[in-house]
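First up is the structure itself, then whatever we jot down about it.
The values are calculated or read from the model by the stated rules, or taken from the named source; none is laboratory data. Treat the numbers as computed from the prediction; the structure is a model and nothing was measured. For neighbour counting, all protein chains shown are included, and Cβ atoms are generated from backbone atoms with ideal geometry for every residue, glycine included. Heavy atoms of the whole protein, side chains included, go into the accessibility calculation; ligands, DNA and RNA do not. Shrake-Rupley method; radii C 1.70, N 1.55, O 1.52, S 1.80 Å.
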Amino acid sequence: MAKYKTEPLKCWDKAKELRSEVYDRIAKARDEGTMIVSGGTESAISLPAGFDMEFFGGEPYVAGCAFMGKNDSSKYMKYFETAEAAKFPRDLCAYMRLSVGSLLCNSYAFGGTYPKPAFNLQTHICDTQGKWYQIMSELEGVPYNALDLIPFEWESEYESEESKNLKHKYLKDQMLDIIDWMEDISGKKYDDEKFINALNCECESASLWAQCCMVNRSIPAVMDEKMMHSLYVIAALMRHEKASVNFYKELLDELKDRAERGIAAFENERLRLLLDGMPPWHSLEIYRYIEEFGGVSIGSHFSFGVSGGWAYDSKQDTRVPAMPPKEAGVELRTREDACSWYSKWLLNTNTILRSLKLSGQGKNKHILDLVKKWNVDGVLIHLNRGCEGTAAGQMEIRYFLAENNIPVITFEGNHADIREFDLPRVKTTINTFMETLDLKKL
Amino acid sequence: MIESFKRIYDNRHEYIGKWKEKHPDRKIMGYMCTSMPEEIIYAANALPIRILGGHESQNVSQQHMMGTFCPFSRDVLAQGLLGKYDYLDALGITHTCQHIYQAYESWVLHKNIKSFYIPTPNTSQTPHALPYLRGQLKLFLEKLEDWTGRKIGENDLRRGIEIVDTTRKLMKQIYEMRKSESPPISGLDSMLMVVAAQMSDKEEFNTILEDVIKNELPGRKAKATPSSRLMLIGSEHDDVKFIEMVENLDAIIVIDDHCTGSRYFWNTTEQNEDALTDIANRYIKKPPCPIKDFPVRKRTAHIVNLANEWNVAGVIEIQQKFCDPHELDRVAVSKALEKAGFPILNLEADVTMPVGPFRIRVEAFLEILSSEELF
Ligand code: SF4
Ligand code: SF4
């Protein structure tokens, strides 16, 4: 008999609908010649939102390719092979290779030709990012620019205010320049009001997603991580739009209601796990496999952080949902105000941007905090051969958690390249882990 | 004497041991990337030395770093964990690639050592990078003052610039001599010179360089007969056996674009503003490594330029396995060189290089180069 009640998420269909709408809009923009701007999805996407445009973000698109490749690998494998034939080495970021391959094949995974952007705008968050869209821009023959983002250090490093101010000013000044640059190369007038609206939506979406994650501290968890992937992606794709804010408000209400009524994501939850690293998009069935033991992944540093806005609360020495401008009592009136807010927001509240560059003691502490606050029983670390960004510090996290008596296991794989993911072997690793926890299949 | 370069390189730890005996009051900072502003460390009367790998197999880095981090970075971490650098008073790093940064983080986590991280810009192409870097260098300087207990004034900084710039100028002078038809110094000795400069006290090293330039290089021929002129590019590379093997064939390396080569010392400091701004500006204008070369691609033009000026017949790219930064540039660099008429051989390096199979590939490459010359 099931331990908890469960029911489908009401927002689920809405999430799917919004997601496919974005990809349809990009296809439509391509066919109708509307401006498309492309870049990594962690780009400052509210910046180009000062124009009428569609943003074509790299990571969710190629994650989608990897996911779809499971059932129909024809396009997916062709993208990889084409990138490799063009001499892009196989151990480079798997997202980048899929993206380059899709472009070189002139193929859009959702149908038709590759949507060529008017320009690419990137935020350099890991060592690959700035180069990825440099390569894309050269192949597309379109202008390229990149923001150099140097995140604030983890709080354990006691970074001085002076250093933070330097980083803040550096990013803000670049943002202001990039607006001028975008006007120059597009020949279009930039609308500050649209930018400010987009930024308000972006911050609100990120804050709301963080609040949704907070609800998942409940036992049983109201979301499991495979659900989360379909939910945070809305912010990844369109966090600068009102529709995203509305979606997360609705979701938050629903999650709170589920928590109150004790509705579980997984009816037999008995082991709460945290996954570190990116999910293997092509093999999401590992989540189902965990369930066979009564395990549920309640989230990850990645799922919480990639779309979440988190502020450090020094009194509690933990992170809490960050306040968007209005809630913080700040009215953004001018372009300068907005760039100033935006740069601080990105430097401070995005734990993923921080962790791609800086791991060490700070990231270890952050993961331990997640383990404690979300009542986690064990950690699975996906050592990702396809992403140097999220690989930062992973082995140290394993070491640190083990020292702190948190059950932890690693498995090697690749988030987007199935050729580097040995599912039976990963299952065997999970079996071993469960055995050490004395858990048998239900 | 040219032999001093190899002596310092082979006996780097003994060299520092003796140096410490002579300078018991001065501190030593090991660093991991050539964007570290050594001038400021000299100004603080401390000694900066670059940490390189040991080129030996090891089994201590695995539990701290994934196998997909480059062998160089894993070798560097192993040096730290094995206690080879226990004499260091501090460890420093600037923003650099994620692999070597991981080595730094793990070293700091497990060795309980004073550490200095300078969050330098990732690109130098925005005009805002200069004031930002200057600001961060000032904070670094203040931390050094705390650490050494001495004030660092403008004159100290100028003295630091003078020491490091002298090394740069002298090494550039030697590199210029390699343009000649019969270069007076081999590629191997040039590499050893640069890494020895990184591993020693530059005030002492400058006198060695001056002596080599004045007394040893004039009229010297590194190779008795003219050989194929090669350029070496790619990731960090200080594998003596590999370079020796290449130059024992009918080839001589006359130029490179490496952080253990020209990139370390190529530009000197333009002294126009306050010393910190001048120093920052020098690092901003330094030939870029791949991770710092965006949004505009400037590195390829620099490499092609070097190949032209040093009149090379071909280029060997030696790249550390899993070195993302250089892999990201590989297609563009190869294309640019080929377009400019320079054949390129791409090789992947590990900590220890199996010279045999590489010899066959280099020989085949040299054959291609010489057959082209017949037409
Ligand atoms: S964070 Fe990982 S997946 Fe993203 S660009 Fe960097 S290496 Fe690629
Ligand atoms: S640049 Fe390449 S060789 Fe150098 S540390 Fe980074 S990954 Fe290794």
Selection count, the stretch A:88-128, where residues are open to solvent by 10 Å² or more (accessible area, probe 1.4 Å) and either assigned to a helix (DSSP H, G or I) or more than 13 Å from every other protein chain (Cβ to nearest Cβ) (or both)
14
Considering only the stretch B:84-134, how many residues are closer than 17 Å to B:Lys292 by Cβ, polar (S, T, N, Q) and free of Cβ contacts under 8 Å to residues at least 40 places away in the same chain?
1
Looking at the stretch A:38-87, which of the residues that are among the polar types (S, T, N, Q) and farther than 15 Å from A:Tyr114 by Cα is farthest from the other protein chains (Cβ to nearest Cβ)?
A:Asn71
Within the stretch B:55-74, residues away from chain A (no Cβ under 14 Å), out of contact with any Cys (no Cβ under 8 Å at 6 or more places or on another chain) and within 15 Å of ligand 2 (Cβ to nearest atom) come out as B:His55
Could you go through the stretch A:275-282 and let me know if any residue there is in a helix (DSSP H, G or I) and buried (at least 20 other Cβ atoms within 10 Å of the Cβ).
yes
Test A:Tyr23 against the stated conditions and say whether it is over 18 Å from A:Phe119 (Cβ atoms) and surrounded by fewer than 23 Cβ atoms within 10 Å (Cβ to Cβ).
yes
May I ask you to list the residues in the stretch A:132-149 that are part of a loop (DSSP other than H, G, I, E, B) and open to solvent by less than 10 Å² (accessible area, probe 1.4 Å)?
A:Leu149
Test result for B:Asn215, over 26 Å from B:Asn308 (Cβ atoms), open to solvent by 10 Å² or more (accessible area, probe 1.4 Å), at pLDDT 95 or above and away from ligand 2 (no atom under 16 Å from the Cβ):
yes
Give the residue, chosen from A:Glu260, A:Glu254, A:Glu250, that is part of a helix (DSSP H, G or I), surrounded by fewer than 22 Cβ atoms within 10 Å (Cβ to Cβ) and free of Cβ contacts under 8 Å to residues at least 40 places away in the same chain.
A:Glu260
Do you know which of the residues in the stretch B:54-87 that are part of a helix (DSSP H, G or I) and in contact with a Lys or Arg (Cβ under 8 Å, 6 or more places away or on another chain) is nearest to ligand 1 (Cβ to nearest atom)?
B:Pro71
Go through the stretch A:91-130 and report how many residues are without any contact (Cβ under 8 Å) to a residue 24 or more places away in the chain and within 16 Å of ligand 2 (Cβ to nearest atom).
1
Acidic (Asp, Glu), open to solvent by 20 Å² or more (accessible area, probe 1.4 Å) and at pLDDT 95 or above, is that true of B:Asp75?
no
Looking at B:Leu77, is it closer than 26 Å to B:His258 by Cβ and more than 10 Å from every other protein chain (Cβ to nearest Cβ)?
yes
Does A:Ser230 satisfy the criteria of being open to solvent by 10 Å² or more (accessible area, probe 1.4 Å), outside any helix (DSSP H, G or I) and of a type in the set (Gly, Ala, Ser)?
no
Write out, first by first residue and then by second, each pair whose Cβ atoms fall under 9 Å of each other, whose residues are 6+ apart or on separate chains, and whose first residue, in the stretch A:136-162, is at the interface with another protein chain (Cβ under 9 Å from one of its Cβ atoms) while the second is part of a loop (DSSP other than H, G, I, E, B) and open to solvent by 60 Å² or more (accessible area, probe 1.4 Å).
A:Tyr144/B:Val296
Go through the residues of the stretch A:346-358 one by one and say whether even a single one is out of contact with any Ser or Thr (no Cβ under 9 Å at 6 or more places or on another chain), open to solvent by less than 20 Å² (accessible area, probe 1.4 Å) and over 22 Å from B:Cys97 (Cβ atoms).
no
Flagged in the stretch A:371-397 as within 14 Å of another protein chain (Cβ to nearest Cβ) and surrounded by fewer than 21 Cβ atoms within 10 Å (Cβ to Cβ), in numbering order, are A:Leu383
Restricting the stretch A:390-434 to residues that are of a type in the set (Phe, Trp, Tyr) and under 16 Å from A:Tyr287 (Cβ atoms), the residue that is nearest to ligand 1 (Cβ to nearest atom):
A:Phe421
Within the stretch B:28-44, can one find any residue that is farther than 24 Å from B:Tyr117 by Cβ and more than 12 Å from ligand 2 (Cβ to nearest atom)?
no
